[in-house]
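Participant: To start, I am sharing the structure in question, which I have written as structure tokens.
The values are calculated or read from the model by the stated rules, or taken from the named source; none is laboratory data. Quick caveat: nothing in here was measured; it's all calculated off a predicted structure. Using ideal geometry, Cβ is built from the backbone for each residue, glycine included, and neighbour counts are taken over all protein chains shown. The protein model used for the area step is the full one, side chains on, heavy atoms only, and it has no ligands, DNA or RNA in it. Shrake-Rupley method; radii C 1.70, N 1.55, O 1.52, S 1.80 Å.
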Amino acid sequence: MKKFSIAIDGPAGAGKSSIAKILANKLGCIYIDTGAMYRSVGLGAIKQGLNYQDEEAVSLLMPDLDIKLKMSEEGQQIFLNGHNVSTEIRNDEVAAAASKVATYTKVREALVESQRTIQNETSVVMDGRDIGTVVMPNATLKIYLTASVNERALRRFKEYEAKGIAVDLAVLTEEIVARDKQDMERKISPLKKSDDAVEIDTTYMTIEEIVERIISLLNERM
Ligand code: CDP
């Protein structure tokens, strides 16, 4: 198979990472979870005791943050300055911090550069908010995944439930709505559907159906 790239964008909880992981597995390529990278910056700021609302402080911290994605038997793991933070980045406080630091130019510049380097070298499935618009404007296939807010909140709720974490569905819904608003309204690289992306509303679709649809779209393009 010749080199290809799939860009998957969409709002929180649309199923991007579950689908991207399965796709990468089936297609035998690497998966880059760019959201995990922004979450790691958010976590890095919190761990340093910084106010993540402070753009200058977070920007100054960037050169000290070494963020690496590595494959392991338990799936992809993310390391922040040598520590595995894959579990620690999955909570609402870090999600809110990620969405805030993602509005800062210095943060985006640094992360986008490393994302572009990876996709130059190999076939990749990458998911995030600006992948089709900024990181990989020439991607072989661009997908914009959506689902209703209620469905997305419910999916996130079930993910937390499965991990034994108690959350309130109403609070979770509010947090998702607030984060989507911040991601869509920010000045640099806001979340939006690229003109040439295929939009898939996943509200009433199973993961298998979505994966099949994306693979058939990729086949058409190759
Ligand atoms: O998994 P979920 O959809 O909740 O979020 P995520 O993909 O882990 O991303 C966390 C936050 O990082 C988002 O709310 C965005 O603000 C930011 N992000 C971004 O700005 N650009 C990306 N390419 C990926 C994530």
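Participant: Kindly evaluate LEU60 against the criterion of being without any contact (Cβ under 8 Å) to a residue 60 or more places away in the chain, under 17 Å from THR103 (Cβ atoms) and loosely packed, with under 13 Cβ neighbours inside 10 Å.
Facilitator: yes
Participant: Does the range 134-186 hold any residues that are in a loop (DSSP other than H, G, I, E, B) and more than 12 Å from the ligand (Cβ to nearest atom), and which are they?
Facilitator: Across the range 134-186, the qualifying residues are PRO137, ASN138, ALA139, THR140, SER148, LYS163, GLY164, ILE165, ALA166, VAL167, ASP168.
Participant: I'm trying to understand the selection: among the residues of the range 1-15, which are within 18 Å of ASP180 (Cβ to Cβ) and in contact with a Leu (Cβ under 7 Å, 6 or more places away or on another chain)?
Facilitator: Selection gives ILE8, ASP9, GLY10, PRO11, ALA14, GLY15.
Participant: Being in the same structural domain as VAL211 (by TED's automatic domain parsing) and either buried (at least 19 other Cβ atoms within 10 Å of the Cβ) or small (Gly, Ala, Ser) (or both) is the requirement here; does LEU23 meet it?
Facilitator: Considered against the rule, which asks whether it is in the same structural domain as VAL211 (by TED's automatic domain parsing) and either buried (at least 19 other Cβ atoms within 10 Å of the Cβ) or small (Gly, Ala, Ser) (or both), LEU23 comes out as yes.
Participant: Which one of these does LYS70 not meet: (1) more than 24 Å from ILE200 (Cβ to Cβ); (2) at pLDDT 95 or above; (3) not aliphatic (A, V, I, L, M)?
Facilitator: Evaluating LYS70 over (1) more than 24 Å from ILE200 (Cβ to Cβ); (2) at pLDDT 95 or above; (3) not aliphatic (A, V, I, L, M) leaves (2) as the failure.
Participant: Can you name the residue in the range 109-149 that is open to solvent by 20 Å² or more (accessible area, probe 1.4 Å) and hydrophobic (A, V, I, L, M, F, W, C) and is also farthest from LYS70 (Cα to Cα) among such residues?
Facilitator: Going through the qualifying residues, I end up with VAL149.
Participant: Oh, and also: Looking only at the range 16-23, decide whether some residue is within 19 Å of ARG213 (Cβ to Cβ) and touching a Leu at 6+ places or on another chain (Cβ under 6 Å).
Facilitator: Checked against the condition, which is being within 19 Å of ARG213 (Cβ to Cβ) and touching a Leu at 6+ places or on another chain (Cβ under 6 Å), the range 16-23 yields at least one hit.
Participant: Here is a follow-up. How do the helices (runs of 4 or more DSSP H) wholly within the range 1-109 filter down when requiring 1 or more residues that are within 12 Å of the ligand (Cβ to nearest atom) and touching a strand residue (DSSP E or B) at 6+ places or on another chain (Cβ under 6 Å): which remain?
Facilitator: Qualifying helices (runs of 4 or more DSSP H): 16-27, 34-47.
Participant: Which of the residues spanning the range 114-131 are more than 10 Å from the ligand (Cβ to nearest atom) and not in a loop (DSSP other than H, G, I, E, B)?
Facilitator: Within the range 114-131, SER114, ARG116, THR117, ILE118, GLN119, ASN120, GLU121, VAL124, VAL125 meet the criteria.
Participant: With the structure loaded, tell me whether LEU43 is surrounded by 18 or more Cβ atoms within 10 Å (Cβ to Cβ), more than 30 Å from VAL198 (Cα to Cα) and under 18 Å from the mean Cα position of the chain (by Cα) or whether it fails that test.
Facilitator: Against the criterion (surrounded by 18 or more Cβ atoms within 10 Å (Cβ to Cβ), more than 30 Å from VAL198 (Cα to Cα) and under 18 Å from the mean Cα position of the chain (by Cα)), LEU43 qualifies.
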